[in-house]
Amino acid sequence: MANENFDKVKQILEENGKDKARLIPILQAVQEVYKYLPEDVLNFIASELEISPARVYGVATFFAHFTLNPKGKHIIKVCDGTACHVKKSTLLIDAIKTKLNLKDNQNTTSDMLFTLETVSCLGACGLAPAMVIDDEVYGQVTPEKINTLLDEMIKKEGK
C-alpha cells in the first residue's frame, strides 16, 4: 500500500480523534476511499487505535455494509426477493454473468469495471424484476434490456 493511501487513513483516524469507540465511522470513511477494506489497512487501523486486529476484523465482517473484497467501479445489484424471483430475476443474473464473462463465484470483472451483487430486496416490488446500477433503479428489466444497458456503459468507459 502506497504511503499516500496510509496518509488518507491517518487523516481519517485524526478526524475521528483516534477514538476506538469510533471504529465503525472510521471503517465507513476508509471504505468510502478504497471501495473496500484492504487487510493491510485494517491492520494499520488496529495498530493506530491500539486494539487487536481481530476486533477490527470482527467489526468489518459483522456488518453487511462492509466488504473485504475489491469492488468494481459500477455496482450492479439485482433483486432476488420474492416478487423479483417470481418474475425470473435469475434470468437477469445469468444474463449479466454471461455479458460480463463472470465465472462461477466471481462477482467482479477482471478489469474492475463491474461488480454484481444479488440482494434480498430493493423495495421496488412493483417494478419487478428490478435492479440498481450504482444509484439508478431499473424496473421490469429483461435480459435484452440488460445487454443494451451494459453495452452503453462499456462504450462510455471506452472498453
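So, LYS103, is that one out of contact with any Asp or Glu (no Cβ under 7 Å at 6 or more places or on another chain) and either aromatic (Phe, Trp, Tyr) or surrounded by fewer than 16 Cβ atoms within 10 Å (Cβ to Cβ) (or both) or not?
Values: out of contact with any Asp or Glu (no Cβ under 7 Å at 6 or more places or on another chain): yes; either aromatic (Phe, Trp, Tyr) or surrounded by fewer than 16 Cβ atoms within 10 Å (Cβ to Cβ) (or both): yes.
Answer is yes for this residue.
Across the range 19-33, the qualifying residues are those that are of a type outside the set (Asp, Glu) and free of Cβ contacts under 8 Å to residues at least 24 places away in the same chain, and the one among them that is surrounded by the fewest Cβ atoms within 10 Å (Cβ to Cβ) is ALA21.
Pairs linking a residue in the range 145-157 that is in the same structural domain as LEU113 (by TED's automatic domain parsing) to a residue that is assigned to a helix (DSSP H, G or I) and of a type in the set (Lys, Arg), with Cβ atoms under 8 Å and 6 or more positions apart or on different chains, are ILE146/LYS99; ASN147/LYS99; LEU150/LYS99. Being of a type in the set (Phe, Trp, Tyr), within 30 Å of ILE26 (Cα to Cα) and touching a Phe, Trp or Tyr at 6+ places or on another chain (Cβ under 9 Å) is true of PHE66. Taken over the range 101-132, residues that are part of a loop (DSSP other than H, G, I, E, B) and in contact with a helix residue (DSSP H, G or I) (Cβ under 7 Å, 6 or more places away or on another chain) amount to 3.
When ALA95, ALA21 are checked against the criterion of being within 30 Å of GLY158 (Cβ to Cβ), out of contact with any His (no Cβ under 9 Å at 6 or more places or on another chain), in a helix (DSSP H, G or I) and among the small types (Gly, Ala, Ser), a single residue qualifies: ALA95. The set of residues in the range 45-67 that are surrounded by 13 or more Cβ atoms within 10 Å (Cβ to Cβ) and either in contact (Cβ under 8 Å) with a residue 40 or more places away in the chain or not in a helix (DSSP H, G or I) (or both) comprises ILE51, PHE66, THR67.
In the set GLY81, GLY123, only one residue is surrounded by fewer than 17 Cβ atoms within 10 Å (Cβ to Cβ) and either among the acidic types (Asp, Glu) or not assigned by TED's automatic domain parsing to the domain that holds LYS20 (or both); that residue is GLY123.
Might you let me know whether the range 96-104 holds any residue that is of a type in the set (Ser, Thr, Tyr) and without any contact (Cβ under 8 Å) to a residue 24 or more places away in the chain? Explain how you work it out, then say what you get.
First, the residues of the range 96-104 that are of a type in the set (Ser, Thr, Tyr): 98.
Checking the rest, the ones that are also without any contact (Cβ under 8 Å) to a residue 24 or more places away in the chain come to 98.
Looking for residues that are of a type in the set (Ser, Thr, Tyr) and without any contact (Cβ under 8 Å) to a residue 24 or more places away in the chain, one finds at least one in the range 96-104, hence yes.
In contact with a Leu (Cβ under 6 Å, 6 or more places away or on another chain) and surrounded by 14 or more Cβ atoms within 10 Å (Cβ to Cβ): does that describe LEU92? Answer is no for this residue.
The values are calculated or read from the model by the stated rules, or taken from the named source; none is laboratory data. Since the structure is predicted, the reported quantities are computational estimates derived from the model, not experimental observations. Because the Cβ atoms are built from the backbone with ideal geometry, glycine has one as well, and the counts that use them run over all protein chains shown.
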